[in-house]
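*Asks:* This structure is in structure tokens; I'll ask about it shortly.
The values are calculated or read from the model by the stated rules, or taken from the named source; none is laboratory data. All of these numbers come straight from a predicted model, not from anything done at the bench. As a convention, Cβ positions derive from the backbone with ideal geometry for all residues, glycine included, and neighbour counts pool all protein chains shown. These area figures cover heavy atoms from the full protein model, side chains too; ligands, DNA and RNA do not enter into them. Shrake-Rupley method; radii C 1.70, N 1.55, O 1.52, S 1.80 Å.
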Amino acid sequence: DKLPGDGEDAHFESVNAIENDGLVKLSKRSKGPWMEDIQELKPCWSRTDLDEIEQSRGYVTFSLTNGPEYHVSQIADAVVVARYLTATLVLPDIRGSKPGDVRNFEDIYDVDKFMKSLDGIVKVAKELPNEISIRDLAAVKVPNRVTEDHIVESVEPVFKSKGNIRLATYFPSINMRKTAQKSSVDSVACLGMFGTFELQSEVLEVVDSMIERLRTLSRKSNGKFIAVDLRVEILENKNCHGSGSARAKSCYNAQEIALFLRKVGFDTDTTIYLTQSRWDNSLGVLRDIFPKTYTKESVMPGEKKGKFLESEDSEFEKVIDFHICSQSDVFV
């Protein structure tokens, strides 16, 4: 069946194609192409494979930016750089997209868990010593998945000259592609990102309660639910209107998403979570087809809304969305 605007050769063969690809099974009981037997993520390396940490020679500072989906990559790069330089990593702050939107690390993440996870990998300090001024830090840009060669050529000379540096990670698109080339810093990057970020207790409690609520609403699909990253303000962006070609389209509205989910086999009883704080009239068509469609406002505990729905596009909301999407059974 074709979606509106699709070309003649752009269509879904049928639900059976999904049934036969070996990963997803359809059954009357599951009421949709849910994945079965999901493998648990496990770390690739052990701390015991690493040499002992030498005496620290300075400090590496950085901020977590761009939203929670980037945080784990930023900490991995910072850990790799700090370990290579034999430097102490300073607990980062969290910066939002708006000027002045800065939060402490402990506002969102568990500090003790973070420091314990990095024990034996790199030294971590909660803050810079008083005698070191932030103004004296040399700013250094590093690409995501920073290599040892880049550290030697572009970071180490600055560190030796200044003694302390502030990292800023950027994400070149070519680095986001999977590469077969192995690096000597892969083990450190893996250990730096695996299990380091755990939500602080109050945020974790809110996320867990929302997920429990969604699973309770999903009894007919054995507690499974779909998370859809659909934000009305992005749909209104001029970049979403494309060039008129169906193939060039990069944003899909509520109706298109609803039709897609139906055509790949999801039952109308399926529970859907939207990364939208409050309901918008443009989402009505999605709820017409999937009545169990919810936003943060409708599944968040009432006593927590004042703090965690305080402002549009806040870091709290981004983190809540990220963790619910990560634990959903299907993410769109």
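*Asks:* Could you figure out which of (1) open to solvent by 70 Å² or more (accessible area, probe 1.4 Å); (2) in a loop (DSSP other than H, G, I, E, B); (3) in contact with a Lys or Arg (Cβ under 8 Å, 6 or more places away or on another chain) isn't true of residue 269?
*Replies:* (1)
*Asks:* When the stretch 43-81 is examined, which residues are found to be among the acidic types (Asp, Glu) and open to solvent by less than 60 Å² (accessible area, probe 1.4 Å)?
*Replies:* Step one: of the stretch 43-81, the residues among the acidic types (Asp, Glu) are 49, 51-52, 54, 69, 77.
Selection gives 77 alone.
*Asks:* Of the numbered conditions (1) open to solvent by less than 20 Å² (accessible area, probe 1.4 Å); (2) modelled with pLDDT under 90, residue 228 satisfies every one except a single condition; which is it?
*Replies:* The number of the failed condition is (2).
*Asks:* Given the residues 206, 158, 152, which is the only one that is at pLDDT 80 or above and open to solvent by less than 20 Å² (accessible area, probe 1.4 Å)?
*Replies:* Values: 158 fails: open to solvent by less than 20 Å² (accessible area, probe 1.4 Å); 152 fails: open to solvent by less than 20 Å² (accessible area, probe 1.4 Å).
Just one listed residue meets the conditions, 206.
*Asks:* So for the stretch 240-262 (the condition being open to solvent by less than 40 Å² (accessible area, probe 1.4 Å), among the hydrophobic types (A, V, I, L, M, F, W, C) and at pLDDT below 90), does at least one residue qualify? Spell out how you get there, then give the answer.
*Replies:* Start the filter on the stretch 240-262 by keeping residues that are open to solvent by less than 40 Å² (accessible area, probe 1.4 Å), which leaves 240, 251, 254, 256-258, 261.
Filter once more, keeping what is among the hydrophobic types (A, V, I, L, M, F, W, C): 240, 251, 254, 257-258, 261.
Remaining after also requiring at pLDDT below 90: 240, 251.
Scanning the stretch 240-262, I find at least one residue that is open to solvent by less than 40 Å² (accessible area, probe 1.4 Å), among the hydrophobic types (A, V, I, L, M, F, W, C) and at pLDDT below 90, so the answer is yes.
*Asks:* Working only within the stretch 94-132, note down all residues that are at pLDDT below 95, of a type in the set (Asp, Glu) and touching a helix residue (DSSP H, G or I) at 6+ places or on another chain (Cβ under 9 Å).
*Replies:* Answer for the stretch 94-132, where residues must be at pLDDT below 95, of a type in the set (Asp, Glu) and touching a helix residue (DSSP H, G or I) at 6+ places or on another chain (Cβ under 9 Å): 101, 107, 119.
*Asks:* In the stretch 82-106, how many residues are touching a residue at least 40 places away in the same chain (Cβ under 8 Å) and either within 22 Å of the chain's Cα centre (by Cα) or open to solvent by 50 Å² or more (accessible area, probe 1.4 Å) (or both)?
*Replies:* In the first step, residues of the stretch 82-106 are kept if they are touching a residue at least 40 places away in the same chain (Cβ under 8 Å); the result is 82-85, 87, 94, 96-98, 101, 103, 105-106.
Those still in the list that are either within 22 Å of the chain's Cα centre (by Cα) or open to solvent by 50 Å² or more (accessible area, probe 1.4 Å) (or both) too: 83-84, 94, 96-98, 101, 103, 105-106.
Adding up the residues that qualify gives 10.
*Asks:* Which of (1) at negative phi; (2) at pLDDT 90 or above does residue 223 not meet, given it meets every other one?
*Replies:* (1) is the only condition that residue 223 fails.
*Asks:* Could you list, in sequence order, all residues of the stretch 122-147 that are under 28 Å from the mean Cα position of the chain (by Cα) and open to solvent by 40 Å² or more (accessible area, probe 1.4 Å)? Don't jump to the end; show me each part of the working.
*Replies:* Narrowing the stretch 122-147 to residues under 28 Å from the mean Cα position of the chain (by Cα): 122-128, 139-147.
Of everything in the stretch 122-147, those that are under 28 Å from the mean Cα position of the chain (by Cα) and open to solvent by 40 Å² or more (accessible area, probe 1.4 Å) turn out to be 123, 126, 127, 139, 141, 145, 147.
*Asks:* So residue 288 clears everything in (1) under 22 Å from residue 103 (Cβ atoms); (2) part of a helix (DSSP H, G or I); (3) not aliphatic (A, V, I, L, M) except one condition, right? Which one?
*Replies:* (1)
*Asks:* Could you grab me the full set of residues in the stretch 205-224 that are within 18 Å of the chain's Cα centre (by Cα) and either more than 30 Å from residue 75 (Cα to Cα) or in contact (Cβ under 8 Å) with a residue 40 or more places away in the chain (or both)? First the steps, then the outcome.
*Replies:* Narrowing the stretch 205-224 to residues within 18 Å of the chain's Cα centre (by Cα): 206-208, 210-211.
206, 207, 210, 211 - these are the residues of the stretch 205-224 that are within 18 Å of the chain's Cα centre (by Cα) and either more than 30 Å from residue 75 (Cα to Cα) or in contact (Cβ under 8 Å) with a residue 40 or more places away in the chain (or both).
Yes/no per residue for (1) touching a helix residue (DSSP H, G or I) at 6+ places or on another chain (Cβ under 6 Å); (2) at pLDDT 90 or above:
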position	(1), (2)
42	no, no
61	no, yes
76	yes, yes
87	no, yes
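*Asks:* Is there any pair with a first residue in the stretch 107-121 that is within 20 Å of residue 52 (Cα to Cα) and a second that is at pLDDT below 95 and open to solvent by less than 10 Å² (accessible area, probe 1.4 Å) whose Cβ atoms are under 6 Å apart and which are 6 or more apart or on different chains, and what are they?
*Replies:* Final answer for the pair search is 114/196; 117/196.
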